[in-house]
């Protein structure tokens, strides 16, 4: 079976409105990754601390960073705020539910979603409120402007009052039958709420839920639901009003969110988000080839194939390196200039569970077994 089949493990079947989603499983076999060999640490890094939050497993984890604080969650309902400088716990809560998505935070409140479709909001480690949702959710809630925004797998986008949980508005869009069991696009850009609905980037008025604009990065094509799946993935690049994103297995493109105008789009078969800056974008193809593109027009800059057939996270651009984790628990630091290896970091071997993040000059990596590592340059 092809590499694409491995991605099917992250697909969920969207049933009727408000119905639960069922994970679409598909067995897969892929070529064995090539041996990596030794790497010369051109960018010396050391492990500064290590913590444990509990197994992440099937939780779609998106760590939230605010200053030196990193908020994380485990599948079994632990929500923890860590000090990135020391790895120490600032606060923690243990919920009774199994979680499906998290964490959204504004530095004050933190929001997660349970597998039984409860939106749960915490403040300083204590539950503030919860509300039922119409469908399962795999995208971390967005906590911003005194509100909590949620995008569910039936393509509903909702807003709740951050203090009371009172529902403010609900917009629903019809789309393809399949949705990804991955973190999707949901972010604030100025006074606009930007969400990914199927292959379209959509701008909402956060006060009313009215749609201001839509920009298509990819269009559903093909003869079956799998081939037609073009969801926009979480992990985007923002440069002022321009937001660049990946549509699953279809394309990478950039949108001017001030005008709602598509600037460019380029075919690219990747299953995770991207990162970058005003000059370049970085991402990985589904087969593990890491690529760099010009931010201005998507023209290719370089590709690195030594990580092929390793399931990779979305990348993190950190200084002169592109940081990317794999399913064997290794963290690869590649040169942003040409993709050559700068260093390689080991974790517990269970696989990197989420895109690495940086907080207060500390690289934070979470594994599927729930080990949290803080790395710093020497």
Residues residue 258 and residue 124, FRET efficiency given R0 of 45 Å [Cβ-Cβ distance, rounded to 0.05]: 0.80
For region 91-215, the Rg and Dmax computed from alpha carbons only, in angstrom: 13.6, 40
Shape of region 300-347, Cα gyration tensor, a/c cut at 1.5: oblate
Region 264-378: relative contact order as a whole-number percent, Cα under 8 Å and 6+ apart: 16 percent
Protection proxy ranking, peptides 150-162, 357-369, average beta carbon neighbours within 10 Å, highest first: 150-162, 357-369
Region 319-378: relative contact order in percent, alpha carbon pairs under 8 Å with at least 6 residues between: 25 percent
Whole-Å semi-axes of region 177-226's equivalent ellipsoid (Cα gyration tensor): 24, 12, 9
Region 109-259: relative contact order in percent, alpha carbon pairs under 8 Å with at least 6 residues between: 14 percent
Taking all pairs of distinct alpha-carbon atoms in region 33-168, Kirkwood radius in angstrom: 15.8 Å
Prolate/oblate/rounded label for region 217-317 (Cα gyration tensor, a/c 1.5): oblate
Cα-based shape type of region 165-288, given that a ≥ b ≥ c are square roots of the gyration tensor eigenvalues and the cut on a/c is 1.5: oblate
Computed helical MRE - 222 nm, the chain, DSSP H runs ≥ 4 contributing -39500 (n - 2.57), nearest 500: -500 deg cm²/dmol
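Computed from the coordinates by the stated procedures, all read-outs in this text should not be read as laboratory data. Every value quoted in this text rests on a predicted model; they were computed, and no experiment measured them. Every residue, glycine as well, gets a Cβ built from its backbone with ideal geometry; the counts of neighbours run over all protein chains shown.
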